[in-house]
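A short reminder: the numbers here are calculations on the coordinates, not readings from a lab. From a predicted model like this one, the values you see are computed outputs, not experimental measurements. Counting neighbours? That spans all protein chains shown, and the Cβs are built from the backbone with ideal geometry, glycine included.
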Amino acid sequence: MILRLSLDLPEDATFVRTTRLLSRTLLEDLKVNKHDIDDVETIVAELCTNVVRHARSKETHFLVTLEYYKPRVVITVTDAGEGFTPKDVAPVGTIRADFKEGERMGGWGLLLVEGLTDKLDFTATDPRGTTVRAEKNLHYETQGDAQEAAERDRSSGGEVTASK
């Protein structure tokens, strides 16, 4: 593993931007190609926004972990909210509750995340909440950048299989 970044965040939308920027900056530093950086930033934003919008946890915070390996990034978001499984989500394009007692048409976020990731898992968190684990394979601007990332991976213990 090159790097693990773990953030314990309040369920507040203002921190979604900060988390997006951190994920982007780290991938830029590793010289990952722009398309993958944009995808990871979108995945992080969607997963964090879902927690802020839907979790309603009594603890009012959630955990985001970004694990960077040479070949991929693993994004894990864990909340202690009401919990859900993908089958519990209303169909795409339907009206749903929004902030401050409002309503909105939605449902595209998880569909978007599913399309941008190489692997996506949802797990119930005991006793409440949900853990979402998303993996995205990474590509580099040049072969030299990929070799540099591989060296960072090796120097920090090598490829580790990320656990759920």
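Using +1 on the beta carbon of Lys and Arg, -1 on that of Asp and Glu, and nothing else charged, what's the dipole of the chain about the Cα centre, debye to 20?
Numbers: 22 positive and 29 negative charges, 43 e Å.
The calculation lands at about 200 debye.
With percent of Cα pairs over 29 Å apart in mind, check (1) 24; (2) 42; (3) 20 and report the label derived from this structure. Comparing each candidate, only (3) matches the computed number. Helix content alone sets the calculated 222 nm mean residue ellipticity of the chain: runs of n ≥ 4 DSSP H residues at -39500 (n - 2.57) each, divided across all residues, give -11000 deg cm²/dmol. State whether region 56-100 is rounded, prolate or oblate according to the following rule on the C-alpha gyration tensor (a ≥ b ≥ c being the square roots of its eigenvalues): a/c under 1.5 gives rounded; otherwise a/b larger than b/c gives prolate, and the remaining case gives oblate. Taking the square roots of the gyration eigenvalues as a ≥ b ≥ c, region 56-100 is oblate. For region 67-110, a simple Cβ point-charge model (Lys and Arg +1, Asp and Glu -1, everything else neutral) yields a dipole of about 280 debye relative to the Cα centre.
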